[in-house]
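Shown next, in structure tokens, is the structure this report addresses.
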């Protein structure tokens, strides 16, 4: 019975820490932290002492994750965006030149 209670307590603490870390607003973060403080003040102190602005969604000011696209074409289009102004012949000839250099280097390396 003691192991079940210990496991339940551990799961509750993990859930509360997760809630503190992933709340999207500062108000929700403060509420989750207050709830954590009521449950176990040592955990709340640990959160505050260990740079929450680096871990909590509501306090992290920069983009944390890149944007994902579901469409292969959209992903390709976003990746190629900087290359759009270039002419197709220039783009193809540049890639052919790079490929030629790589093949030549590979041929030279295999002769050794």
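The numbers here are math on the coordinates, done by the rules we state, and not lab data. This structure is a prediction, so every number in the text was calculated from the model and none was measured.
Details
- For the range 1-49, the mean projected area of the C-alpha convex hull, equal to one quarter of the hull surface, is 3.4 nm².
- Subtracting the Cα-Cα distance of residue 86 and residue 15 from 0.36 nm times their residue separation leaves 20.5 nm of extension gain.
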